[in-house]
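Just so it is clear, none of the values below were taken in a lab; they were calculated from the coordinates. Just so it is clear, the model here is predicted, and its values are computed rather than measured. Cβ atoms come from the backbone with ideal geometry, glycine included; neighbour counts cover every protein chain shown.
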Amino acid sequence: MLASWKEEVEEIIFPGKISVPYFWTVGSTLSKWYALIRDECEIWANRCPECEMVFVPPKIKCINCYKDLNEWIKLPGTGTIETFTVVTERFYDPKLHPRKAPFVYAVIKMDGADTGLVHFVGGVSPEKVKVGMRVEPVFEKERNGNILDIKHFRPVS
Amino acid sequence: MGTRVAIVGVGQTHHASRRLDCSGVEIIAEAVTRALDDAEMTMDQIDAFVIGNMDHFENINYVDMWATDGLGSFLKPVFKVTTGGTTGTTVAACAFYHVASGLFNTVLAVGWEKNSESDTQAAIATCANPILERDPFAGAIGPLATEYSMYMKAYGATEEDAAIVAARDRNNALLNPYAHNRMKVTVEDVMKSPMLSYPIKFLDMCPRSDGACAVIFAAEHLAKKLCPKPAWIHASVVRHDYTHFGDLEWQWMPTLERASAEAYKKAGITKPLKEFDVAELYLPASTTGVKWMDSLWFCEKGEAPKLIRSGTTHMDGELPINPSGGVISTNPIGATALIRVGEAAWQIMGKAGERQVPNVKKALATGFGGCSWSDVMILGADLP
Amino acid sequence: MKVERVAVIGVGQTKYEAGKRETFSELVFEAATKALKDAGITIKEVDNIVSVSSDFWDGRTISSMAVQDAAGAFGKDITTVEGDGTFGALYGMMRILSGSFGVTLVVAHHKGSESSMKGITNTSFDPLVERSLGLDAVTSAALQAKRYMTAYGVTEEQLALVSVKNHGNAMRNPLAQYPMELTVEDVMNSPVLSSPLKKLDCSPVTDGACALVLAAEREAKKLTTNKKRVWLMGVGHCTDAYRLGDRDLADTRALKDAASRAYEMAGAGPEDIDLAEVYDAFTYMELMWIEGLGFCEDGMAGEYMERGMFGLGSKLPINPSGGRLSANPVQVAGLAEMAECVIQLRGQAGKRQVKGALVALAHGINGMCGQSHCVWILGK
């Protein structure tokens, strides 16, 4: 519904890109989690004293009771694939994806916890990945205290 | 008519330049926990949530979704509102309408910001029209400096008048444990501070802060049960009349004039200077604390410097302004306007600690942001 | 307890398509002008405005500022919801119910073609955890689709039926972006993006705007005729947990909660609904939401779809407009669904008219994998 005079106007496109650098504060809870991943290659969780639900990644408050979570427990690290997806070359975006396609995302129900962790599944060809598969974490040799310190989860041998 | 609504609890974080101990979700949880404690309520008594911040400061999309763990909103109703600097009062108004509509009995309103996570000016710059105004004029300080220059020229107001406001607010903050900047300053200190953008100097201007504020609104029947002295909402008026900075009339502050006039009418206020016992005003720079006195109908046009110099607006005056220290002491942008409402509520509830003004029956809170937008909220100790 | 009812008295929509040349303001002005004209009023009769916009999609801080004047903000109380249009309409209604206002203009806009879907939806993930993995709306939806299919044995062919139906319905909707005559085979042969989702399982990138004029009963009766009025009978909203791993992605508990609030307020049940517009950002979502809204048992929507239920000629047509699969202007979509419901209930839906429709349902989502839901029930 352009007014008719607009049909004759030269359309100028003004390119713009917002470039604002960000520095996110990790905070007390996740800093502790990542320090243990980085320094010990251990994945920990925290537990609610009231409803006893165990959360990984750790939460700041219980999702059910809004209580503070001060009890930390070490998880074995293994888990079960609850769901997964194979990202194809067609969808691959080098600006976004840290891995070359085809690669696999999964929600992994972590042993010892009530929640799942989202991460990559690797060390196995995508066609072989199945719901229900048992997996274990593989850590990077050089770790910086973030989620990519875990390289991916691979099938338990 | 709608349900009558009161504020029954307020929580604030200790605002700071950088809260490196807290992620965004943790800072929200800190304010929410304190609000629940203040109201002596538990999370299961909250029916619904509303949250606001300015997206580009933290670069998190769908903040209402992301904040779930900090808000306590799991399996409950929530949505987000956002309107730049006025976000805090927009959030307050939204919570008010939730309850006044009769659809919800208790609503938790949260405003927050972690300004330390980005370059504030760069993030603000994108609010201006990218083609017409972004390059020459954007950022917070340009428009404010221009506006006061015009006022100085029209009425003979001076830099020193503004410095008096700066010293007033900053010294007030010394009694507010939550304030970000708490510094003893003299008018001379302000006058000597480095010029940022004529005539606004460093000590005239607000900081950027990390912080959060949570306010609990409740319906009449619950408010009376939950709180011995709830702060009743008497009026909420918003005027966001302008889109382009070039359209503004610079000699006065039109949106604030219109919004406050309308709010006073709704609340039955005819003599604001006399009838209000305290005012928490969104003054992003001390200069606005001079100029906007006229716009709030506290004095005749051009008479603001006289009002400021009279001591009326200081803590021991007839109408203390910004006992909390105001925006130039604390500015987590998404929370800032909500803090005005929260502080005004505490004044009525008698919970303002060392900065308590005695016998507060009527309080004024304002929000400012965007292209010279104004929000006005009037709170009272008595039912509206 | 509600004091009085609120009606929709006007709707306005732009055509939904990609690569629109109008600016945000022009789109908002177009939709708002159409809605006011449809209601038979001018901007003067409107006393407050709820705009729906997103700083991310618009690439502007205070994105609402760009469209203020086009939405008629001057001299009026205005606010902005950041989320789906259904939440904007909810706020618009609450403002009227509060007694403070009589007529609310709710207007949403979106230009998907000026932004990057992958990058922008990636920013809804936690910068401290999941964001660095590169997740976005499509790959997270794929995780949910697979979980849903695993939980209930739903097949990819059943998902494809949704795409066939909705693109087919769009052939009768002049505003829709992608009317298409498809077969299940067409959908199954479209390229896989992130398994199991193929291109034709996903909604497109769309530009457009939509506006609704809401009025308090007393105003609605003053300003317009019964023919135009559609009542907002019930609404409910509810959010699930944030992290994908905190949820069983096949569980529609938040939707069920929102729907039950809406049904209760309306004094109605799923059996009373004559047509529903649900948020089918992806094919599998339509099936999940049909179940969550109580139209059939969990896991059964695909099977019923195979038997011809939910099509235009059936007892309960879903997405007669063509759905989000045919046009998905984010933020606008839920409001567009409500507009479609109004048009249907007024009997103005032309070739896609659901005969004798008296009660309709509109459903919006917010966040990834349908984290938050808003359900509306509208009636004549």
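Charges at C-beta only: +1 for Lys and Arg, -1 for Asp and Glu. How large is the resulting dipole of the stretch B:14-94 about its Cα centre, in Debye rounded to 20?
260
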### Query
Other chains near C:130-139: what is the mean number of their Cβ atoms within 10 Å of each residue's Cβ?
6
### Query
Using a simple spin-label model with points 7 Å from Cα along the Cα→Cβ vector, what separation in nm is obtained for C:LYS222 and A:LYS67?
5.5
## Note on the structure
Taking every residue of C:102-108, the Cβ atoms of other protein chains inside 10 Å of its Cβ average out to 0
### Query
Taking square-rooted eigenvalues a ≥ b ≥ c of the alpha carbon gyration tensor, is the stretch A:27-155 rounded, prolate or oblate, where a/c under 1.5 means rounded and, failing that, a/b exceeding b/c means prolate?
prolate
### Task
Amide H neighbours of A:LEU75 under 5 Å, at least 5 residues apart or on other chains, H built in the peptide plane: list them.
A:ILE43, A:TRP44, A:ALA45
### Message
Quick check on the exposure proxy: order C:LYS146, B:LYS351 from fewest to most C-beta atoms within 10 angstrom.
### Response
B:LYS351, C:LYS146
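What net charge is computed for the residues neighbouring C:VAL162, neighbours being all others with C-beta under 9 Å from the C-beta of C:VAL162, Lys and Arg scored +1, Asp and Glu -1? Don't skip to the end; give the middle numbers.
Working: positive: C:LYS165; negative: C:ASP201, C:ASP280, C:GLU286.
Once positives and negatives cancel, what remains is -2.
Which FRET efficiency value, to the nearest 0.05, do you get for C:MET188 and B:ASP44 by plugging their Cβ-Cβ distance into 1/(1 + (r/R0)^6) with R0 = 56 Å? Working shown, then result.
On the way: r = 47 Å, r/R0 = 0.85.
Given R0 = 56 Å and the Cβ-Cβ separation, E is 0.75.
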### Query
Where in the stretch C:90-119 does the amide nitrogen come within less than 19 Å of the point 7 Å from the Cα of C:ALA18, taken along Cα to Cβ?
C:110-119
### Task
Quick one: check the C-alpha center-to-center distance for the stretch C:42-84 versus the stretch C:104-155, whole angstrom.
25
### Task
Specify the inter-centroid distance of the stretch A:49-124 and the stretch C:359-373, based on alpha-carbon positions, in whole Å.
25
### GNM flexibility winner over chain B from B:GLY142, B:GLY334, B:GLY342 (Cα, springs under 10 Å)
B:GLY142
### Task
Between beta-carbons, use under 9 Å as the cut-off and find the net charge around B:THR287, counting Lys and Arg +1, Asp and Glu -1.
-3
## Note on the structure
Of the candidates C:GLY19, C:ALA250, C:LEU133, the farthest towards the positive dipole end of chain C (Lys/Arg Cβ +1, Asp/Glu Cβ -1, centred on the Cα centre) is C:GLY19
### Task
Within a 10 angstrom radius of each residue's Cβ in C:141-147, how many Cβ atoms of other chains show up on average? Whole number is fine.
5
### Query
Magnitude of the Cβ-charge dipole of the stretch A:27-155, K/R +1 and D/E -1, about the Cα centre, nearest 20 debye?
360
### Summary
The relative contact order of chain C, taking Cα pairs under 8 Å that sit 6 or more residues apart, comes to a percentage of 24
### Query
Under a GNM of chain B (C-alpha, springs under 10 Å), which listed residue has the highest mean-square fluctuation: B:GLY111, B:GLY268, B:GLY85?
B:GLY268
### Task
Compute the relative contact order of the stretch C:137-288 as a whole-number percentage, counting only Cα pairs closer than 8 Å that sit 6 or more residues apart in sequence.
26
### Message
Just to confirm the number: angle between the C-alpha axis of helix C:156-169 and the first principal axis of chain C, 0 to 90 degrees, nearest 10?
### Response
30
## Note on the structure
Sorted by chain and number, the residues with a modelled amide H under 5 Å from that of C:LEU193, at a separation of 5 or more or across chains, are C:LYS198, C:LYS199
#### Entry: Taking the stretch A:27-155 and dividing mean pair separation by its residue count, relative contact order in percent (alpha carbons under 8 Å, at least six apart)
23
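Quick one: B:TYR151, C:TYR178, A:TYR66, fewest Cβ neighbours within 10 Å first, how do they rank? Present the calculation step by step, with values, prior to reporting the outcome.
Working: B:TYR151 28, C:TYR178 21, A:TYR66 24.
So the ranking, lowest neighbour count to highest, is C:TYR178, A:TYR66, B:TYR151.
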### Task
Would you mind putting B:222-234, C:84-96, C:222-234 in packing order, based on average other-beta-carbon counts within 10 Å, highest first?
C:84-96, B:222-234, C:222-234
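When ranked by the protection proxy of mean other Cβ atoms within 10 Å per residue, highest first, what sequence do the peptides C:355-362, C:326-333 form?
Working: C:355-362: 20.1, C:326-333: 28.9.
Peptide ranking by packing, descending: C:326-333, C:355-362.
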### Task
Choose one answer from C:GLU217, C:GLU22, C:GLU340: the residue with the largest mean-square fluctuation in a GNM of chain C with alpha-carbon springs under 10 Å.
C:GLU22
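Before rounding to the nearest 500, sum -39500 (n - 2.57) across all DSSP H runs of length at least 4 in the protein assembly as shown and divide by the residue total; then give [θ] at 222 nm in deg cm²/dmol. Don't jump to the answer; show the numbers that get you there.
Working: 30 runs with 289 residues, N = 921.
Here the helix-only value at 222 nm equals -9000 deg cm²/dmol.
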### Task
Keeping to pairs on different chains or 8 or more places apart, tell me how many lysine pairs in the stretch A:27-155 have Cα atoms under 23 Å apart.
27
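Once a ≥ b ≥ c are taken as the square roots of the eigenvalues of the Cα gyration tensor of the stretch A:101-157, is the result rounded (a/c under 1.5), prolate (a/b larger than b/c) or oblate (a/b not larger than b/c)?
Numbers: a/c = 1.74, a/b = 1.15, b/c = 1.52.
It comes out oblate by the Cα gyration axes.
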### Summary
Projecting the Cα atoms of A:VAL104, A:PHE153, A:CYS48 onto the charge dipole of chain A, where Lys and Arg contribute +1 and Asp and Glu -1 at Cβ, the residue farthest towards the positive end is A:PHE153
### Query
Local charge sum around C:ALA31 (other residues, Cβ-Cβ under 15 Å, Lys/Arg +1, Asp/Glu -1)?
-4
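Which ordering of C:CYS341, C:CYS296, B:CYS371 is given by a fewest-first count of other beta-carbon atoms within 10 Å?
Working: C:CYS341 30, C:CYS296 19, B:CYS371 23.
Listing C:CYS341, C:CYS296, B:CYS371 from fewest to most nearby Cβ atoms yields C:CYS296, B:CYS371, C:CYS341.
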### Task
Kindly express, to the nearest 10 degrees and within the range 0 to 90, the angle between helix A:27-40's C-alpha long axis and the longest C-alpha principal axis of chain A.
70
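In debye, nearest 20, what is the charge dipole magnitude of the protein assembly as shown about its Cα centre with +1 on Lys and Arg Cβ and -1 on Asp and Glu Cβ, if you could check? Don't jump to the answer; show the numbers that get you there.
Values: 94 positive and 111 negative charges, 199 e Å.
With only Lys, Arg, Asp and Glu charged at Cβ, the dipole is about 960 debye.
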### Task
Name the residues whose placed amide hydrogens come within less than 5 Å of the amide hydrogen of A:PHE139, ignoring near sequence neighbours (fewer than 5 apart) on the same chain.
A:LYS151
